[in-house]
Structure formats: structure tokens, C-alpha cells
């Protein structure tokens, strides 16, 4: 049989970002995949040389625009661990609130893009319409639609007064109502099922072996979520990972859908338990030593390795983002499927290329 | 023929097709571009449709910094677009390199590689600003000669 | 970082195999420049949300045995380190020949602030 090589990307309508896949096909069936990265590589880990460790928060927020708050949170958490700073309780809860609002935003964005990948245009529009409410929350509470820069070393920058918190909850109620309305289509529609059930299967063993993280890992039946460690205020909130069974695109879709609802519930709980007090502590000294810190991003486990030398510039900042870990599992999902299903499978790991390449 | 040309020019402005290319941005601008296409902001009311093929496009929206690898893709895309065309650079990174300007793999703004007609500042620019930028681009577009 | 096990070039692969047998998930590797000649390579593993690290200190011009045959997921990060630090990995399952991220015009081994190993560079020509 003749083998054909089809270039997929870097400019492709399905991806908002450039990634290039060389697909080796036999007839319509994918046999081999070679990824080519580097279209978004900026080298921002090296910016630690020119910016001091406070200014690096800004850079970390721009590793990825979709989950910026969570990147900054992870970075601040690492530096705080190095310097032995205990942040106030109120700051811990506020971090959870903003992180979970971000998760709702990111998952809705993904559900829309996923629908777009199999040509369900109206579902895409609907998801993004709901998402605009979250963007309004970001803008009202943080001052920017995409990067509500609220994390600083030693706590958070902005407070949420009771009126604002109440308004956020009312908005989230509306979002929840509309998300529930989506369930009928996203999880039960014939077209959606036809395109996703049994496609791109990743077994539990394979997922562990290839180091999958986040909803990709949980979709394969592994109950692992970094939030279980209990960083920030997650230890004091009721939370259990959402797990799928089959490990196919549909199962990952379901995990993300249920996590959206779970994130809304977490915000509600965090607001109800929000303690009074300061939102930040004064920071003295410089970071020294090395630390590995992790948080759960919408796409999975995010890991920062930070090494400080007692000066204002860090020695080394290393960021391992979830999509970086999810690329090897993706390579194992693709062989054996049809060319027309490639966009759906690629989208099903929720790729974030600017995270991956930094 | 003159009438036909006038008609083409007029209709082109009423329905410009848009090609979006992310060249090394943090996604912030890209999701705002997509937000423009979806219900709340909806630039389809200006007749704008998002296309994937550069040969169909009149408008090129570029977000993010240019690096050594994607500059070739960027030039390739811009060359494939038929004249007349408009290039809109979005966000601080597309304008000058933004916060990443000192990173080793960053060349700088989009205008170092291809000529840019409209600059939209912001990190990321709000959808209103993007729409404003696109509409400004259309004014310039109406004055451009056929290639 | 609590549990850090030191390892050498000879034992890093066998220690990684042990990790895999114990059911650890490969998280990633980090490379840190120590001085003009040496770098640290850290291997991070996770089991039930508990992290364990291996530390390998090597000369910049030495080639490191690749663990990508044990954990396939390591191939991406090993290629990344080849790009950024100019260190060579032996036995990579998929070798991008130091072009994963960087084109020829980009600076060579940008993450080495102090010095780039000459041997690796001359070996390339």
C-alpha cells in the first residue's frame, strides 16, 4: 500500500495555535506521527536573568493566556516555599476562587473548540457565549478579561468585598444553569457520540506509562488530581477528582464537562468559607535553595522547578506544563485512526502550544 | 469593465475574509480574536468570516512575537494572500515583542518581517479594540489599489 | 525537594528502570547549569502525588545515556535539553538533532550562561 505523508499545520483552522504534525498515512489510516514543535518557542525561562523574581510573576502569567492566574499562583507558591512565607488564610481562599473561575473559563473554551473540531458550529458559539459571562467576572474582579493579575509573592493583590462576591455567585448561577443546559447536547447528542465514542483510546496502563496528566489521565480511569495534595485552600474544601472509564475522546469530554460544574461548586464553597483578615504579608529577603512545586491547571499537572541563589535573579526557572506531558500519549492515540478524526483526537488532549514550548 | 471593478471593490469592503495566524503569542490575543467571532462581539455583522486558507483571505490578523522558525510561515502566508491585503498586528507582542522582547528566540514585532497596516495595542487588546482595528483596516483597504 | 537520590552516568538507566517497576510516573527532567564545566540533571518521578527525584551531575561534554527507552515520554524533554544546553543524549528514540525548538539562526545552547562545551559543537561539524 502506498504511504503518503500529510503535513498537518502549522496553520490550521482547527488550532488557534501553530503545531505541526507529520502524518504518515496508508490510505486513510494514520500509521505514524512525528510532531514538530518550536513555532511558539520564545525562551521565557531565560528571562529570569533580566527580570527580578517579583517581575517574573508577569512573565509567568504570560506563559499561557488561558490559564494565566494558575501559572502565577504556582510560581508564587514555589517562591513562598523557598522563602518560608506563610500566606494569610484569606489569600489562600481567594487564590482558589480565581483559579476555579479560570478553570470554568478554560473548560468552556475547550468544550467550544472541541465542538468546532467536529464541525458542530452552533455548539461552539453557545459555549463561547456562556464563557463571556466568566470573562466579565474576570474583568470586574481583576481588571482584565484574560490576565486578571492577582497573585503576588506573599498573597494576593486584590480583595473581594462581600457585594462583589455575591455578584460573582449570581453570575456563576446563571453560567451553571446554561452549562447544565448544554449537557443534553455535549454528552447525549447522536452526532457528538458518533464522532467521539471509541476514538483515540488511551488505556489506563498506557496513560500511566506515558505520563499523561489532568483530564487526559482521569479520562482513562486514574483518580489523580494535584488538588488532592491540598495546596492553597483545597485541603479545606470538599473535592473529589472526576474520573472517566473508557479513555476515549468522549470520556475526556465528559470529565471536562463535569469538572466545569465542580469548579463552580468549589467557588461557591470557597466564597462561603472565605475568612476575614489580611490578603498579603510583607516579603523580606531573597529566595535561596531549590524547590519543586505543583498545582492543577485546567489541562493537568503544572510543575515549576525554581532554584534561587540568594540574589534578586533566579538561577533557574523550569516550567513543565501539562500539554508537554500529554504529547507522548497523543502520539500513541493517533496511529490506527482515520485522517478525518485527527483534529478531534488532537483537540481531545486540550493542547496548549504556547504552554508547551514557552 | 470599470463598473465591474467598482463593484468588486465595493463588495470586497463589505465582506472581507479574515485569516488569523498565531505567531508565538501567549494565547491571550488568540482567544480574544476568537471571542470577536462569537456571539457577544460578533464581527460577522461586518461581513467578516474566519477562513483557514490564505488564498481566500483579505485580512491577516497576526498575534504574538516573531521567532526564527515561524517567520518563514508568516512570510509564506502573507505571500499567498492575493492583493490588495491588509495586515493587522495585535497585542503588545505583535507590536514590539512585548514582555518577551529580551528572550533569545524572539526577533521582535511583526513589522520586522512583513509590512503592517494597523497596530492594535493591549495585553491582550479588548475585543472592542480588535474590532476597531479591523474596521480601521477596512478603511485603508478601500483605498488600496488592486494588485 | 525532600527525596533526592544521587546517581551516576552508569546507574541512571537502571535506577530509572527500578522507578518504573515501582509504579512511578515520569514527570519530567530539569537541567541546571552549575559552573563552566558541569550541569545537574534532575529526573522527577511521581507516585500517588508523592515526588521523588534523581540527581545526576555530569560534565558538559559528556554524553548522557537516554532514558527514553524506559519512559518514552522522556524523549521530548531530552531533545529540549539538547537544544538548550548542548548536552548530548545517547540512544534517543526520536532525535531531532538539536532542532526541536531552535533554528540555525537562533543562538547556540542559550541556556548555558557561563560556557558552551566546545566538544559537542565540534562534534557536530
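Every read-out reported here was derived from the displayed coordinates using simple, explicitly stated rules and does not represent laboratory data. Predicted model, so just to flag it, every value in this text is computed and none were measured. Neighbour counts are summed over all protein chains in view; Cβ atoms, including those assigned to glycine, are modelled from backbone coordinates with ideal geometry.
Between the range B:49-92 and the range A:240-257, the alpha-carbon centres lie 36 Å apart.
Using Cα pairs under 8 angstrom and six or more residues apart, how large is the relative contact order of the range C:4-124, in percent? Please list the in-between numbers first.
Numbers: 206 pairs, mean separation 28.3, N = 121.
It comes to 23 percent, rounded to a whole number.
Reducing the range A:286-334 and the range B:1-41 to their Cα centroids gives an inter-centroid distance of 37 Å.
As an exercise, use a Förster radius of 30 Å and the Cβ-Cβ distance of residue B:40 and residue A:272 to find the FRET efficiency, rounded to the nearest 0.05. With a Förster radius of 30 Å, E is 0.50.
In what order do B:23, B:93, C:112 fall by count of nearby beta-carbon atoms within 10 Å, going from fewest to most?
Values: B:23 27, B:93 31, C:112 19.
Least crowded to most crowded, the residues run C:112, B:23, B:93.
Suppose a student asked you for the relative contact order of chain A, using Cα pairs under 8 Å spaced at least 6 residues apart; what percent would you report? Averaging sequence separation for qualifying contacts and normalising by length gives 25 percent for chain A.
Computed from the Cβ-Cβ distance with R0 of 45 Å, the FRET efficiency linking residue B:128 to residue A:26 stands at 0.35.
Largest GNM mean-square fluctuation among A:68, A:332, A:348, using chain A with Cα springs under 10 Å: A:332. For a Förster distance of 45 Å, can you work out the FRET efficiency between the beta-carbons of residue A:191 and residue B:112, rounded to the nearest 0.05? Approximately 0.50, to the nearest 0.05.
Counting Cβ atoms of other protein chains within 10 Å of each residue's Cβ and taking the mean over peptide B:123-134 gives 2. Put a dot 7 Å past the Cα of residue C:11, heading toward its Cβ, do the same for residue C:57, and the two dots end up 1.5 nm apart. When chain C is treated as a Gaussian network with alpha carbon springs shorter than 10 Å, the biggest mean-square fluctuation among C:81, C:114, C:58 belongs to C:114.
The angle between the Cα long axis of helix B:70-80 and the main principal axis of chain B comes to about 10°, on a 0 to 90 degree scale.
Highest GNM mean-square fluctuation among B:71, B:55, B:126, for chain B modelled with Cα contacts below 10 Å: B:55. In terms of its C-alpha gyration tensor, chain A has an oblate overall shape, because the principal axis ratio a/c (a ≥ b ≥ c, square roots of the eigenvalues) is not below 1.5 and a/b does not outweigh b/c.
Averaged over peptide A:144-153, how many Cβ atoms belonging to another chain are found within 10 Å of each residue's Cβ?
Details: counts 5, 8, 12, 4, 0, 0, 0, 0, 0, 0.
Rounded to a whole number, the mean comes out at 3.
In this simple spin-label approximation, residue C:36 and residue B:139 carry label points 7 Å from Cα along the Cα→Cβ vector, and these lie 6.1 nm apart. For the range C:4-124, the antiparallel share of DSSP beta bridges with both residues in that region comes to about 70%. Taking the average, over residues, of other Cβ atoms within 10 Å as the packing measure, peptides A:200-211, A:123-134 rank A:123-134, A:200-211 from highest down.
Ranking request for peptides A:227-234, A:291-298: highest mean number of other beta-carbon atoms within 10 Å first, then the rest in descending order. Spell out each step's value before the answer.
Details: A:227-234: 19.0, A:291-298: 23.9.
Packing order, densest peptide first, comes out as A:291-298, A:227-234.
How big is the antiparallel share of DSSP beta bridges in the protein assembly as shown, given as a percent to the nearest 5? Rounded to the nearest five, the antiparallel share is 70 percent.
With a 10 Å cut-off around each Cβ of B:96-108, the average count of Cβ atoms from other chains is 6.
Restricting the calculation to Cα atoms, the range A:10-130 shows an Rg/Rh of 1.09 when the hydrodynamic-style radius is the Kirkwood one.
What percent do you get for the relative contact order of the range A:210-358 when only Cα pairs under 8 Å and 6+ apart count?
On the way: 210 pairs, mean separation 36.5, N = 149.
Once normalised by length, the contact order is 24 percent.
Please work out whether the range B:1-43 counts as rounded, prolate or oblate from its C-alpha gyration tensor, where a ≥ b ≥ c are the square roots of the eigenvalues and a/c under 1.5 means rounded, while otherwise a/b larger than b/c means prolate and anything else oblate? Working shown, then result.
Numbers: a/c = 7.18, a/b = 2.34, b/c = 3.07.
Note, shape of the range B:1-43 comes out oblate.
Descending by average beta-carbon neighbour count within 10 Å, the peptides A:135-141, C:83-89, A:69-75 line up as A:69-75, C:83-89, A:135-141, the highest first. Rounded if a/c is under 1.5, else prolate if a/b is larger than b/c, else oblate: which is the protein assembly as shown, with a ≥ b ≥ c the root eigenvalues of its Cα gyration tensor? It comes out rounded by the Cα gyration axes.
With 0.36 nm allotted per residue and the present C-alpha distance subtracted, the residue A:203-residue A:174 stretch has 6.8 nm of extension available. Helix B:2-14 and the long axis of chain B differ in direction by around 40°, with both axes built from C-alpha atoms.
Extension gain for residue A:309-residue A:166 works out to 47.1 nm (0.36 nm per residue, less the C-alpha to C-alpha distance). Angle, helix A:89-117 long axis vs. longest principal axis of chain A, Cα atoms, 0 to 90°, nearest 10? That helix lies at roughly 20 degrees to the long axis.
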